[in-house]
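Each remark here refers to the structure printed beneath this line.
The values are calculated or read from the model by the stated rules, or taken from the named source; none is laboratory data. It should be emphasised that the depicted structure is a prediction, and the values quoted were computed from it without experimental measurement. Note that we place each Cβ from the backbone using ideal geometry, even for glycine, and neighbour counts take in every protein chain shown. To get the accessible areas, we keep the full protein, side chains included, count just its heavy atoms, and leave off ligands, DNA and RNA. Shrake-Rupley method; radii C 1.70, N 1.55, O 1.52, S 1.80 Å.
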Amino acid sequence: MCGILGLYNLRGASVGRSDEQIAALRDMMCHRGPDAYGTKSAPDRSWVLAHRRLAIIDLSEKGRQPMSAKSGRVHLCYNGEIYNYRELRRDLAARGHSFASESDTEIILLLYQEMGVESFALLRGMFALILVDDDRGQMLIARDPVGKKPLYYGVVGDNVIVASDPGVISRDPAYRKAVDPAGLYSLLSMGAVKSPDTLFLGIRKLEPGRYRVVDRNFRLEDPSTPYFKFDIRKKDELRAEDDAVDELDRLLDQAVERRMISDVPFGIYLSAGIDSALILSYMSRHTDRVNTFSIDMTMSESSRRETDVARGLAKQFNANHHEVQITDDEYIDILQSFVFEASTMSMPDSILIAKLSRLARDNGVIVIETGEGADELFFGYQGYLPTLNESFDKLQRGRVSRAVAKAARAFGTEARFDRRSYLVDGLDMRSRHLLISDFHYQPFLSYQAERRVRRYAGVHSPANKFDMLNSVVTEQVDRWEDYAPSTMSFLWNVSYRWADLLLDRIDSATMSASVEGRAPFLDVDVINYALSLRDELKVQNGTSKYILRRIAERRVSKEHAALPKRGFGGGNENMLNDRVCAFMRARLDASPSYRESPLMTHDKLESRSQLFTVAQFHAWVDKWM
């Protein structure tokens, strides 16, 4: 895992930044790469690449970046891991290639030289990359199909600047600081900022599975280009195979083993859930040196029960188990120092992941596997499938006129989640003929978020959540009637929830301690197989994650497979307790941006989650604006 930076001058002139200025921007990402650094530039400095390295594979000097091809005409700056690089290396060797290192970085370079951008689809892993092709006079940027590693870009003066963190771009002397109204609306209505928007005006986030060409014709507003498509099937193509449990079991085992490729110690964040228990069971099949890490929020009985279960799992599989408690004071200390650059400032459990990551790093563990993606693929949330089916039912009831929906907003409350407010939001859904329902964390309802943006930024939000929900479907399928609700849900998850919420949160929290997080449930082969299964294999007789529970009976125990889902750390009610909320109110009162122009005064906020989001937003403004 690494931090990457690239500058490209749109006029073909020098980027106009000294070595010291480049180093200052690069070294803002020391937490992403504490082990080494490097910089490379064109002879005329029309482009510059810079890199901070977290050494995971090939720890020698030969694996350092930026890396150039033998021709000296192609140059790569890359963040991530390619899990099938050994197979790709064998194929390249069979075609006559020789190698200067044992790194996966060199494999990306060689494949690109053979195949161009089509080579990106062969990479199985997580990555964000910046590639300079001198022969074509261009820079390429690309991101993995699920969006596990972030990549941001913007036009700043005459330069396109690309970086792992948007705050790096914002610190260039030519950047004009401002909050993006579309990004703010997205944060308030959906809990995170949907790509390609960000909270930084003029800075964009590359979407998963896409690339962009940066040359002298580059325009920020032009769309990115997809290079990868998941195997999306129609309803009549879905299957409920007798051997589905066996096949998914095999694919998950393969995904976990792939993510154990590492030249440094690795482990797993272990909770009481079946997702991390399954990862532990697979990992234990391939090594006897598994490290497990669990966290317990003090004064929380539900968190303590979860830790007890995790401890029992670690003992069952003979893992080297580590536990840590986090008090309210520690939670607040991390909250004060952990100001998100990106989009997931509405997720209170990010603080727990940051604490776990510090525990892992303190014990010499650099690579961690997590259970992200399992709930969305296999319906782990109670009510997930009924909510999706309800969305389809609403389509049969006809549309409401936009004028009626717009007029109704005047009667909605400012921040309350009550029947009147849901009715107003529901009319807006119906007016836009919503194809899928968003099942995820939302600090404010859509019309409430629009009000906040209008009053804070003085402009109407150019975005609308319901239009975004529909667009991720209509851009990828022709007739929504031909697809199952679970497929509609997947399109939303892969377009937003995973990359911009859950994985962004994992990346920010783990990298704060220079730890690499890997997500085996989001392996491309696992995802494609899950997409081929009928919904009754995911939810059966009210039992969520049905197929995963069947596998857990085999791999863990029948008793563990039957456990209900619990919120990480005991849930938001434990993390956002009275003491933490008192701190957030005090933090707002002391915030310069809040005193000058409050997004919403904390006495008018109706929920603790809203308070957390607003407090984190103003902390972000104070730091980055």
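Ignoring ligands, DNA and RNA, please state the percent of accessible area on the range 70-197 from carbon and sulfur, probe 1.4 Å.
Carbon with sulfur: 45 percent of the solvent-accessible area.
Along the Cα→Cβ direction, 7 angstrom out, place labels at residue 19 and residue 59. What is the inter-label distance in nm?
Spacing of the two 7 Å Cα→Cβ label points: 2.9 nm.
For the range 61-157, what does the relative contact order come out to in percent, with C-alpha contacts under 8 Å and a separation of six or more?
30 percent
Tell me whether the range 187-270 comes out rounded, prolate or oblate; compute the Cα gyration tensor, take square roots of the eigenvalues as a ≥ b ≥ c, and use a/c under 1.5 as the rounded threshold.
Taking the square roots of the gyration eigenvalues as a ≥ b ≥ c, the range 187-270 is prolate.
Going Cα to Cα from residue 315, which lysines come in below 26 Å? Please leave out same-chain ones fewer than 8 positions away.
The qualifying lysines are 355, 545, 558, 565.
Show me the trypsin sites (Lys or Arg not before Pro) within the range 125-159 that DSSP assigns to loop and that have at most 14 other Cβ atoms within 10 Å of their Cβ.
The qualifying sites are 136.
Net charge near residue 237: determine it from the other residues with C-beta under 11 Å of the C-beta of residue 237, scoring Lys and Arg +1 and Asp and Glu -1.
Once positives and negatives cancel, what remains is +2.
Rounded, prolate or oblate, given the Cα gyration tensor of the chain, with a/c below 1.5 counting as rounded?
The shape class here is rounded.
Suppose every Lys and Arg Cβ carries +1 and every Asp and Glu Cβ carries -1, with no other charges. What dipole size does the range 571-618 come out with about its Cα centre, to the nearest 20 debye?
About 100 debye.
Of the accessible area of the range 465-506, with the probe set at 1.4 angstrom, what percent is carbon plus sulfur?
42 percent
Return a whole-number percent for the relative contact order of the chain, with Cα pairs under 8 Å and 6 or more residues apart as the contact set.
16 percent
Give me the accessible area per residue for the chain, probe 1.4 Å, as a whole number in Å².
Accessible surface, normalised per residue, equals 37 Å².
State the Cα centre-to-centre distance between the range 39-84 and the range 477-512 in whole Å.
30 Å
Kirkwood-based Rg over Rh for the range 43-201 (C-alpha set), two decimals?
Taking Rg over the Kirkwood Rh, I get 1.00.
Between residue 99 and residue 115, what length in nm is gained on full extension when 0.36 nm per residue of separation is reduced by their alpha carbon distance?
4.0 nm
Where nothing but the Cβ of Lys and Arg (+1) and of Asp and Glu (-1) is charged, how large is the charge dipole of the range 1-80 around its Cα centre, in debye to the nearest 20?
Taking the Cα centre of the range 1-80 as origin, the dipole is about 240 debye.
Restricting to Cα pairs below 8 Å that are 6+ residues apart, what does the relative contact order work out to for the range 117-202? Please round to a whole percent.
18 percent
Answer rounded, prolate or oblate for the range 278-337, using the Cα gyration tensor with square roots of eigenvalues a ≥ b ≥ c: rounded when a/c is under 1.5, else prolate when a/b is larger than b/c, else oblate.
Cα axes put the range 278-337 in the prolate bin.
Tell me, how many Å apart are the Cα centres for the range 189-215 and for the range 548-615?
25 Å
Sum up the charges of everything whose Cβ sits under 14 Å from the Cβ of residue 39, counting Lys and Arg as +1 and Asp and Glu as -1, but leave residue 39 out.
+4
Please identify the chymotrypsin sites (Phe, Trp or Tyr not before Pro) of the range 537-625 that satisfy two criteria: DSSP loop assignment and at most 12 other Cβ atoms within 10 Å. Which are they?
Taking the range 537-625 and a limit of 12 other Cβ atoms within 10 Å, no loop chymotrypsin sites (Phe, Trp or Tyr not before Pro) are found.
Within 11 Å, Cβ to Cβ, of residue 462, how many net charges do the neighbouring residues add up to if Lys/Arg are +1 and Asp/Glu are -1?
-4
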